[in-house]
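So the structure is just underneath, and the comments pick up after that.
No value in this document is a laboratory result; all are computed from the given coordinates. It should be emphasised that the depicted structure is a prediction, and the values quoted were computed from it without experimental measurement. All Cβ positions, even for glycine, are placed from backbone atoms using ideal geometry, and neighbour counts span all protein chains on display.
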Amino acid sequence: MSKIDNLNFSYLCGAVAAYDAGVNDFTGSLFLKEHKHGAFENTFNYKLHLCAKDGKKEKIIASYYVGIMNFENTDESEITAKDFEASQQGTDEAINWLQSEYEKLKK
């Protein structure tokens, strides 16, 4: 079984708290068909992004799409996203949601 790694909320925070600077996105991909691995195989691509403004952590956006392109070159209509609380609990819920969506698509 392919699994999305657990993540500590502090990773997403990057340098926001200390310097009101950038955040770290958490991205990855999982193959939908474990027996086929190749550059042109459709994959489940995911990202967690912490939205922060003026040093305030607002929300986590978890998003995914199935395809071979990167997020920037994928049409927004093909990306599914959901907001979560900006906390460790929100991070855990986002990871669990992404894992659940992956399992649904894998079937």
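Counting Lys and Arg as +1 and Asp and Glu as -1, each charge on the Cβ, what is the dipole of the chain about the Cα centre in debye, to the nearest 20?
Details: 12 positive and 17 negative charges, 60 e Å.
Its charge dipole is roughly 280 debye.
Explain nothing, just the number: relative contact order of the chain, from Cα pairs under 8 Å at least 6 residues apart, as a whole percent. Please list the in-between numbers first.
Values: 179 pairs, mean separation 27.0, N = 107.
Over the chain, the number comes to 25 percent.
Using a cut-off of 14 Å between beta-carbons, work out the net charge of the residues near residue 90 (Lys and Arg +1, Asp and Glu -1, residue 90 not included). It would help to have the intermediate numbers written out before the result.
Details: positive: 57, 59, 82; negative: 58, 83, 85, 92, 93.
With Lys, Arg at +1 and Asp, Glu at -1, the net is -2.
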* Neighbour-count order for 95, 61, fewest beta carbons within 10 angstrom listed first -> 61, 95
* **Simple spin-label estimate for residue 97 and residue 73 in nanometres, 7 Å along Cα-Cβ** => 2.8 nm
* Among the lysines, which have Cα under 27 Å from the Cα of residue 53 when same-chain residues fewer than 8 positions away are ignored? -> 82
* Structure fact -> Here the longest stretch of the chain that holds no GluC sites (Glu not before Pro) in a DSSP loop having at most 12 other beta carbon atoms within 10 Å is 42-107
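For the chain, what is the mean residue ellipticity at 222 nm derived from helices alone (per DSSP H run of n ≥ 4: -39500 (n - 2.57); sum divided by total residues; nearest 500 deg cm²/dmol)? Walk me through the numbers before you get to the answer.
Working: 3 runs with 28 residues, N = 107.
When only DSSP H runs of four or more count, the value is -7500 deg cm²/dmol.
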* Structure fact -> Yeah, region 40-107 with a ≥ b ≥ c from its alpha-carbon gyration tensor (a/c under 1.5 is rounded, else prolate when a/b outruns b/c, oblate otherwise) is oblate
* Structure fact -> Charge dipole of the chain built from unit charges on the beta carbon (Lys, Arg +1; Asp, Glu -1), centred at mean Cα; most positive-end Cα among 9, 62, 100 is 100
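Work through the residues other than residue 79 whose Cβ is under 13 Å from its Cβ and net out their charges, Lys, Arg +1 and Asp, Glu -1. Could you put the intermediate results ahead of the total?
On the way: positive: 47, 82; negative: 72, 75, 76, 78, 101.
Its environment carries a net charge of -3.
Mind sorting 74, 91, 27 by how few other Cβ atoms lie within 10 Å of their own Cβ, fewest first? Display every interim value, and only then the final one.
Details: 74 16, 91 24, 27 13.
Placing the least packed residue first, the sequence is 27, 74, 91.
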* Structure fact -> To the nearest 10 degrees, the tilt of helix 88-106 (Cα long axis) against the first principal axis of the alpha carbons of the chain is 10 degrees
